[in-house]
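The structure appears below as structure tokens.
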Amino acid sequence: MFFGIYTTMSASGKAGSIIVAIIAAIVIIAILVFLVNILAPIIVGIIIIIIIAAVAYWVYQQMRGTT
């Protein structure tokens, strides 16, 4: 089986390696798009939680300093 793939790839030469590179690039781009779609809401949520915690801490420091 591997011998057949190897002989096919070696016979196709440069054109075959270009096709394989294009397919690999498409797969990599698809994986990156999937990860961005999954991770973007999580990252935005973490940033919002950090901002809320920072504002709460700042208000706490302001109130503690005035008393």
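Each value in this text was obtained by applying a stated rule to the coordinates, not by laboratory testing. Here the structure is a predicted model, which is why all the values come from computation and not from measurement. Counting neighbours? That spans all protein chains shown, and the Cβs are built from the backbone with ideal geometry, glycine included.
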Quick one: 3J(HN,Hα) in Hz for region 33-50, Karplus 6.51/-1.76/1.60 with θ = phi - 60°, rounded, Gly and Pro as x.
5, 4, 5, 5, 5, 7, 8, 4, x, 5, 5, 4, x, 5, 4, 5, 5, 5
Based only on the alpha carbon positions, what is the Kirkwood hydrodynamic radius of region 11-67, in angstrom?
15.5
Spin-label model distance (nm) - Leu35 vs Ala56, 7 Å beyond Cα toward Cβ
3.2
